[in-house]
Every structure is written in C-alpha cells, then in structure tokens.
Amino acid sequence: MKFSKTLVQWYLQNKRDLPWRKTQNPYYIWLSEIILQQTRVDQGMAYYFKFVEHFSTVEKLASASEEKVLKLWQGLGYYSRARNLHFSAKYIVNELNGDFPDTYNNIIKLKGVGDYTASAIASICFNEATAVVDGNVYRVLARYFNINTPINSTKGIKEFKILAQELIDPKNSGTHNQAIMEFGARMCKPQNPDCEICPLNASCLALANNKVKELPVKENKIKIRNRYFNYLVIQTEDDKTTLVKREKGIWLNLYEFPLIESLQPIDEKAIIEHEVFKEFFNKLNVSIQLFNSSMLPHKLSHQHIFTNFWVIKTPASSKFNLNWSEINNFPVSTLIDNFLKQYKTN
C-alpha cells in the first residue's frame, strides 16, 4: 500500500487539470480514453471538446452518420478508433437501451476496447479494482522493480498485469490508476526522468542499479513496409473534380482522389498507361503534371507511404461533378488534407 499511497499523494498535488478528470460519466471517460490511444494529451484535448460539443450523449453519437464522425476525427489518425467508437455507441443504444456497461467484463465487450481501456473506465467510473497497464505504467513498474522482461512479449504483458493488479488500492482504484499513469507521463518520463525529485527514488531498483535508461525493455517486432501512392487530382475547366471512398485497408471509408498504387516509384508514362488512368480519361484530351516532385514519406506505425500527386487538367465532363468548394465536407486522411492546403495556395 505504501507504493500506491505515495503515488496518489504525488498525483493529488501535481495532476494536470484535464476536463475528463472532472466527471465520472462513463461515456465521457470512454470518449477520452479512445481519443488518447496513440495520441498525446495536448493534441487529443481539442478533439475531446469537439466530440463533446457535437455528441454530448452516447445517443447523439449513435445517431450521427459515420461520415460526420470521421470528419470530426480528421487529422487524429488511427481511424479505426472512430469507426469502433461509433459502432459501439450504436450497440449501447440499440442493444443496451442506452445504459453504459458498468463492469470490466461487459465494458471490454465493446468494439475497440481492450484491457487497458476497460480497466480505466471500470475503475474510474465504477471503482472496480482493475489495474490499468499502458506505456506509462509499464515504464514505472519496469524501472521501480528493475524488470527486464520485454513489455511487448506475451510473458511481459501477463507479468506486468499481475504486478499492477497486486499493487492497486482496491478502495481507491480509480485514483490509483490515474496516479500511476500521470506519474509515468510527467515524472518517470521516457527521456530525462526527474529521478532527483522523484518521491520513489529511495526504493527504485533501476535507479539503484543505474539502469533507468535501459528500462523498459521492448522487443523490436515492427517491420516497416514501403508503399507508393500516385493520386490523380482531377481539375476540370469548370473547376470540378472527383473523390472516391476507400473500401479497405488504412483510411477505410475516408475519401481520396483516384489512386494508382505501385510497388516502386513510377513515371508519367506508366501513369498514363495504367488501367485506372484509362478508366477515368479514355478519349479525353488531358494534360498531366506532377504537383510536387519531392516524394517524402508519410510515416505510419508499420508503413511508409511515398506519394505523388498528379494534376490532371481535363475538359468539363459529366464524369467529374464534385465542386472543389465541396471537398472540405468530406473526411479525408491527413495526407490528402495537407495536399489540399498546399494546392489551394498555389
């Protein structure tokens, strides 16, 4: 209990003033936790406020179109989070009569909710003694107890969960969980942790053994895949274009320009000869120009996307009926959004 009490005492004195800490409404806690997966607090804050403003209840989120949900999520990345959030909102409303599940075992049944998120909601909202284990918690525990087991191994995931569960204060589980996460985020940081003023420094085994920088241990499993995207940006004489909806893979259900994906960089001749190009521009008198010759990668967790935007100027055609002024109504990836911002200024 001393470990937990020290963390909680530190937390109560040093915690950040965050909007989701002012409520125990499970819908708002769930929303914040989903947004903060793979996202920094400072970036996620604006999205949290946007979602609360547009969808103040789970019923309002459930009744919204997926397109509107994705548009609000635009720029945050990992769009499956938004699709799962929307799916689960509809499940809560339609299958659970709008009642948010109130136990870990039922919360984890929601699509897109794993052990960490279910533990956070169950403990913060319903004081169920379920320990959270996220990146911050792994780091605190690995350093404090000098644990060398890789945190992303099957053995490590199990070992750290058991340890975290043993340390939780069952009478104050929500505050304990928030305390250890905040401690990892602000005191026991990945780089340059504040060991000199740490309230646990007298008993931290990593500090005693000069291993703070070495922990936690993580297996390198990620293999980066290179992909080559060639977008056909249609610009008609009457200022029309076209977008298509992605039907699989990354950015599912987001909109983009017609795409030619290749195994390696390709030139203008290969673009013109490609079946996708012919499908759109067969018998049309068009000109083609590379918008930006620099092919800097758009880096995602498991893949690097090298992108060229080919501007295709073409006569007016009934095939292309989207006004450029309407593009902002559609949810698009950050990659497309960044291009649009550049294209408009040229």
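The values are calculated or read from the model by the stated rules, or taken from the named source; none is laboratory data. Treat the numbers as computed from the prediction; the structure is a model and nothing was measured. Cβ coordinates were reconstructed from backbone atoms using ideal geometry, including for glycine residues, and neighbour counts include every protein chain displayed. In case anyone asks, the SASA skips ligands and DNA or RNA and just uses the protein heavy atoms, side chains included. Shrake-Rupley method; radii C 1.70, N 1.55, O 1.52, S 1.80 Å.
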Residues of the chain: accessible area per residue with a 1.4 Å probe, Å²:
52 Å²
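Please sort 247-253, 235-241 by packing, taking for each peptide the average over its residues of neighbouring beta carbons within 10 angstrom, highest first. Could the numbers behind the result be given before it?
Working: 247-253: 12.9, 235-241: 15.3.
Ranking the peptides 247-253, 235-241 by packing returns 235-241, 247-253.
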Sticking with the crude label model, points 7 Å out along Cα→Cβ, report the distance from Lys299 to Leu322 in nm, one decimal please.
2.9 nm
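Which percent of the accessible heavy-atom area of segment 205-339 goes to carbon and sulfur, probe 1.4 angstrom?
Working: 3770 of 7910 Å².
After summing per-atom areas, the C and S share lands at 48 percent.
Using a 1.4 Å probe on the protein heavy atoms, what percent of the accessible area of segment 9-160 belongs to carbon and sulfur? Please list the in-between numbers first.
On the way: 3290 of 6840 Å².
Taking all protein chains in place, segment 9-160 shows 48 percent carbon and sulfur surface.
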Helix 334-345 sits off the longest principal axis of the Cα atoms of the chain, rounded to the nearest 10 on a 0 to 90 degree scale, by 50 degrees
Note to self, the chain gives a 222 nm [θ] from helices alone (DSSP H runs n ≥ 4, -39500 (n - 2.57) apiece, / all residues, nearest 500) of -13000 deg cm²/dmol
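What ranking do 144-157, 110-123 get when scored by the average of other Cβ atoms within 10 Å per residue, highest first?
Details: 144-157: 15.8, 110-123: 21.7.
The packing order, highest mean first, is 110-123, 144-157.
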Classify segment 275-346 as rounded, prolate or oblate, taking a ≥ b ≥ c as the square roots of the eigenvalues of its Cα gyration tensor: rounded when a/c is under 1.5, otherwise prolate if a/b is larger than b/c and oblate if not.
prolate
Between segment 268-342 and segment 38-100, the Cα center-to-center distance that results, in Å
29 Å
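Beyond 26 Å, what percent of the Cα pairs of the chain remain? Let's see the in-between values first.
Values: 35197 of 59685 pairs.
Tail of the P(r) past 26 Å holds 59 percent of the pairs.
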